[in-house]
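The values are calculated or read from the model by the stated rules, or taken from the named source; none is laboratory data. Only a predicted model underlies this, so the values are computations on that prediction, with no experimental measurement involved. Here the Cβ positions follow ideal geometry from the backbone for every residue, glycine too, while neighbour counts run over all protein chains shown.
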Amino acid sequence: MDTAGNILSMKNITKIYGNGILANSGVDFDVARGEIHALMGENGAGKSTLMKILFGMEQPDEGTIEWNGETVKISSPDIALSKGIGMVHQHFKLVPSLTVAENIVLGKEPKKHGLLDKKEAVDAVKNLSEKFGFDVEPQEVVENLSVGKKQKVEILKSLYRQVDLLILDEPTAVLTPQETRELFEQLEKLKEDGLTIIFISHKLNEIKQICQRITIMRHGKSVGTYDVNKLTVEEISKLMVGRDIVLNVEKTPAQPKEVRLAVKEISSKNEVGKQVLKNVSFSLRSGEILGIAGVEGSGQEEVVELITGLKSCGNNGNILFSGKDIKCEKIKDIRKKGMAYIPEDRMTRGVAEHVSIRENLISSVYDGTWVNTGVLTDKKKVEKWVKNAVEQYDIRCGSTQDEVGMLSGGNMQKVVIAREFSTNPSILIVDQPTRGVDVGSIEFIHRKIVEIRDRGCAVLLVSADLNEVLELADSIIVMHQGEISAYFPSTKELSEEELGFYMLGVKKQTKQEIGRVYCENQA
C-alpha cells in the first residue's frame, strides 16, 4: 500500500525495559488512512508495548512516529488524544456511578457558569450517538448497562474527542455473537466516515471478517504486513507462533461418573443489597467438563466465588463436595479437600505479581509433606519440581527467580495452571482460562484441561468465549440475570448464535424443561 496514504508510520521502534527485556526490536508499523488494520501476535510478542508507545503510555528507546506525514513525539495519552489518537482498553475505564453522558464528556466537559452543563452534555452525546448509530441513552447510569453498551460508551468517549485513529484492544472479548455483529456494523460505518481503526484481537475469524490488512508480530519484531483476504486462519496462526496450530479441541466423548460437586438453591446479593443470584442448582460429575455461559454480570462470578469460598452464602442453599457441605469452610480447607481454582483475573487472584515465578509455582504445595523434611523445606525436591513444571507447561522465562509480573499474559496463565494442576485436584474451577491469551497458548491450555478431565477430574468451565465453551464443554448451562436460563446436555447441535440468544434472554427454557433434560442426562 502506498505510504503516501498512511495516517501513521512507526519506524524502527525499539523498547527495552529496565529488567533487560527487549519488548520491541526495530519495529516498522504503517497504517493506511481509513482502514481497519489488525495487529496480532502471541502474548509477549510486543504488540501491547507498541500500542502503549503510540498512545503515549510508554516512550521508545529508539525510533520515530510519523502522524499525518509529520514526525511527532507523543509523551502522554493527553498528547495522543490532542493529535487525534484514541484507545479503548480491554478493561473498560468507566465510572460506574456516573451517567453515560457524564462518562463520555469527563475531562472535556461543556461548562456553564463554571459547572458542568448537563443539558449540553446530554445533547452532544445524543447527537453523537445518533450520527454513528450507537443506541445508548445519555442519562442512563453506566453500572446498569450491558457489557455491549459499555463498549459503545467507550468508543463514543473517543469519538467525542474527535479522534482520527482508534485503537481497539480485544473489543469482542466479552461480547455475544449478536453484540459482536452489531459492533462490526458500527465499525464499518465509522470506517466509511473516515475513521482509521487498529484492531487487536486473538480471534482469527473476526480478523478475517472485519479487517483489511494485518500486521503480525513475533518475539518483539514485525513478521510482516499482509492483505487479510490472502491468508487463511491457519496461515495467520503459523505466522504468529512459527508452527502449525490445531484450532479445534481434540477430545474423546466424556465418561462421567459420580457427582463430585452439587450446588443446591444458592442465592446471593451484592454489596448494595441487589439480588444477583437466585436459587441456582446444578451438579458436576467426575470425568466431565460442565460449561457455564452468560454475558458478564449474569451471576457466574458469584457462583464461582461461593463454590471456592471467596464469598459466604450464609444460610442460602448448600454446596456439597463429594456429599459434604463446604459452604461455611475456609478457602484453605476447601483446597485441601481437592479443589483447584484458575481465576478470571490472574493479576488479582492468580499470582503475586512482584514475587518470583518459583514462589508462585510452589505456593499451593509449600506446606505439603513431600517438600518438607521435618521443619525444613527439601530444596532439591522443590527445585526439581519447579524445573519439571516449567518444562511440562512450557513456561517461557529467563529464570524462575524472575518476578512473575515480568511474564507475558500467556506465560503467566501457564504458571497458574501448572500450580493448580500440580495438586491433582478432584474438582477444578476454571474461569476465563484463555482471556487475552494467544492461539499457541490457547491450544496448550485447552489440551491440559482435557487431559485433567480424562484423569477423572470434575471440571467447571466459565467462559465468555462461546467458541471455547462449545469446543471444550461436554454439557452447558446458560445463566441470565442470576438464574439458569437453559441446560444443554450436549454441544453437538448447538451454535454460538443459538447460545447467544439464551445469554441475552431472547430465549429461555422453562424450569420444567431444564429439570426434565437434566434428569434424563444424569440418569
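Looking only at segment 17-37, decide whether some residue is surrounded by 15 or more Cβ atoms within 10 Å (Cβ to Cβ), closer than 15 Å to Y226 by Cα, in the same structural domain as I216 (by TED's automatic domain parsing) and β-branched (V, I, T). Yes, that holds for at least one residue. Checking segment 214-223 against the condition returns a match, with at least one residue being at positive phi, surrounded by fewer than 22 Cβ atoms within 10 Å (Cβ to Cβ) and in contact with a strand residue (DSSP E or B) (Cβ under 9 Å, 6 or more places away or on another chain). Here is the figure for segment 109-141: residues that are free of Cβ contacts under 8 Å to residues at least 60 places away in the same chain, surrounded by 13 or more Cβ atoms within 10 Å (Cβ to Cβ) and either under 25 Å from D193 (Cβ atoms) or of a type outside the set (V, I, T) (or both) total 20. The numbered conditions (1) at pLDDT 90 or above; (2) in contact with a Pro (Cβ under 6 Å, 6 or more places away or on another chain); (3) closer than 12 Å to R419 by Cα are all true for Y341 except (2). Put simply, of E497, E451, E493, E468 the only residue that is acidic (D, E) and in a loop (DSSP other than H, G, I, E, B) is E493. Looking only at residues in segment 38-64 that are assigned to a strand (DSSP E or B) and at pLDDT below 95, the one that is nearest to G410 (Cα to Cα) is G41. When L54, L81, L98 are checked against the criterion of being in contact (Cβ under 8 Å) with a residue 12 or more places away in the chain and either surrounded by fewer than 17 Cβ atoms within 10 Å (Cβ to Cβ) or not assigned by TED's automatic domain parsing to the domain that holds L190 (or both), L98 stands alone in meeting it. Assess whether N360 counts as being modelled with pLDDT of 90 or more, within 27 Å of E302 (Cα to Cα) and either surrounded by 15 or more Cβ atoms within 10 Å (Cβ to Cβ) or not assigned by TED's automatic domain parsing to the domain that holds P433 (or both). For N360, the condition - modelled with pLDDT of 90 or more, within 27 Å of E302 (Cα to Cα) and either surrounded by 15 or more Cβ atoms within 10 Å (Cβ to Cβ) or not assigned by TED's automatic domain parsing to the domain that holds P433 (or both) - is met.
A count restricted to segment 476-504 and to residues that are closer than 19 Å to G297 by Cα and of a type in the set (S, T, N, Q) stands at 2.
Within segment 210-228, the residues that satisfy the criterion of being under 25 Å from R435 (Cβ atoms), touching a helix residue (DSSP H, G or I) at 6+ places or on another chain (Cβ under 7 Å) and either of a type in the set (A, V, I, L, M) or not in a strand (DSSP E or B) (or both) are I210, C211, I214, I216, M217, V223, V228. Tallying residues that are in contact with a Lys or Arg (Cβ under 7 Å, 6 or more places away or on another chain) and at pLDDT 90 or above within segment 171-225 yields 5.
Can you confirm whether T434 is assigned by TED's automatic domain parsing to the domain that holds L361, in contact with a Ser or Thr (Cβ under 9 Å, 6 or more places away or on another chain) and crowded, with 19+ Cβ neighbours inside 10 Å? Considered against the rule, which asks whether it is assigned by TED's automatic domain parsing to the domain that holds L361, in contact with a Ser or Thr (Cβ under 9 Å, 6 or more places away or on another chain) and crowded, with 19+ Cβ neighbours inside 10 Å, T434 comes out as no. The conditions of being in a loop (DSSP other than H, G, I, E, B), surrounded by fewer than 23 Cβ atoms within 10 Å (Cβ to Cβ), without any contact (Cβ under 8 Å) to a residue 24 or more places away in the chain and out of contact with any Leu (no Cβ under 9 Å at 6 or more places or on another chain) are not met by K508. Output yes when any residue across segment 229-252 is in contact (Cβ under 8 Å) with a residue 24 or more places away in the chain, in contact with a Ser or Thr (Cβ under 8 Å, 6 or more places away or on another chain) and part of a strand (DSSP E or B), and no when none is. Scanning segment 229-252, I find no residue that is in contact (Cβ under 8 Å) with a residue 24 or more places away in the chain, in contact with a Ser or Thr (Cβ under 8 Å, 6 or more places away or on another chain) and part of a strand (DSSP E or B), so the answer is no.
Please verify whether V163 is under 24 Å from D465 (Cβ atoms) and either of a type in the set (A, V, I, L, M) or at pLDDT 85 or above (or both), treating the condition exactly as stated. It is false that V163 is under 24 Å from D465 (Cβ atoms) and either of a type in the set (A, V, I, L, M) or at pLDDT 85 or above (or both).
Considering segment 65-119, and only residues there that are of a type in the set (D, E, K, R) and assigned to a loop (DSSP other than H, G, I, E, B), the residue that is nearest to L159 (Cα to Cα) turns out to be K108. Within segment 446-465, can you find the residues that are crowded, with 22+ Cβ neighbours inside 10 Å and more than 20 Å from I200 (Cβ to Cβ)? I449, R453, C457, A458, V459, L460, L461, V462 - these are the residues of segment 446-465 that are crowded, with 22+ Cβ neighbours inside 10 Å and more than 20 Å from I200 (Cβ to Cβ).
Residues of segment 120-170 that are among the β-branched types (V, I, T) and outside any helix (DSSP H, G or I): V136, V141, V163, I167. A search for C-beta distances below 6 Å between a residue of segment 22-36 that is in contact (Cβ under 8 Å) with a residue 12 or more places away in the chain and under 14 Å from I7 (Cα atoms) and any residue that is surrounded by fewer than 18 Cβ atoms within 10 Å (Cβ to Cβ) and hydroxyl-bearing (S, T, Y), counting only pairs 6+ apart in sequence or on different chains, returns D30/S9.
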